[in-house]
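Student: Dumping the structure here so I can ask a few things about it.
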Amino acid sequence: MPTLRQGQFATHIYTLVALLLALASPSNFADTAKSATTKYSYSDAHLHIVDFFQKGDPLPDLIRAMDKGGIDHAMISGIPLMKKWHENEPKRPRYYAGDDAGMYWYSATDSYVAEAYRKLPKEQRERLHPFLCGFNPTDKNADKHLRQMLETYPNVWQGIGEVLTRHDDLAYSAEPDQSYRLNVIT
């Protein structure tokens, strides 16, 4: 690493200070104030409308929350896994990691999303973008579920996701006998 000769350090400091002063000039502050008044458009790109027990708030409540937060659009989906309430547990778990019981694939989440979406007025539907997610990507029959949802709910789906592969504890809890892998081909 090269060493600085006497006087070079001060030159570098003066250059840095001059740069900082230039960035902090009043004209730059005016630009910042101007941009603070500009209307930005915000979208939520990952929003599950249900929890791991397939329960969620009505979509009109979501629209009101979006309005309050200044969110114009949201990609919505269910959750492809359902938490099992084990027969030996006296109380329903409150979260997917709340006990040792596993998860299972739950394709009905897509029907829930589609039905809730179709009940909304057109202007609210235009702000939401439903995605299919209720399938096991390691199952070669997954395409049948996707085709069935596209046929059952035409003009609803705008994409596919979140796709859970066996790369994390969630998907692994649904199939603990399977090894972890990322190269899933369906």
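The values are calculated or read from the model by the stated rules, or taken from the named source; none is laboratory data. All values derive from a computational prediction rather than experimental measurement. FYI the Cβ positions are ideal-geometry reconstructions off the backbone, even for glycines, and counts take in every protein chain you see.
Student: Cβ-Cβ under 6 Å, sequence separation 6+ or interchain: first residue in the range 127-147 and on the phi < 0 side of the Ramachandran plot and buried (at least 18 other Cβ atoms within 10 Å of the Cβ), partner among the hydroxyl-bearing types (Ser, Thr, Tyr) and not in a loop (DSSP other than H, G, I, E, B). Which pairs?
Tutor: What qualifies is PRO130/TYR117; PHE131/SER77; CYS133/SER77; GLY134/THR109.
Student: Now for a different question. Since ASP139 meets every condition but one in (1) in a strand (DSSP E or B); (2) touching a Phe, Trp or Tyr at 6+ places or on another chain (Cβ under 9 Å), which condition does it not meet?
Tutor: All conditions are met except number (1).
Student: For the range 88-110: of the residues being in contact with a strand residue (DSSP E or B) (Cβ under 8 Å, 6 or more places away or on another chain) and among the small types (Gly, Ala, Ser), which is modelled with the highest pLDDT?
Tutor: Step by step, filter the range 88-110, then rank; the result is ALA101.
Student: Inside the range 49-93, can you point out the residues that are in a loop (DSSP other than H, G, I, E, B), more than 20 Å from ALA108 (Cβ to Cβ) and not polar (S, T, N, Q)?
Tutor: Narrowing the range 49-93 to residues in a loop (DSSP other than H, G, I, E, B): 49-58, 70, 78-80, 84-93.
Next, only the ones that are more than 20 Å from ALA108 (Cβ to Cβ) stay: 70, 86-91.
The answer is GLY70, HIS86, GLU87, GLU89, PRO90, LYS91.
Student: Do we have any residue at all in the range 94-105 that's hydroxyl-bearing (Ser, Thr, Tyr) and part of a strand (DSSP E or B)?
Tutor: Taking every residue of the range 94-105 in turn, at least one turns out to be hydroxyl-bearing (Ser, Thr, Tyr) and part of a strand (DSSP E or B).
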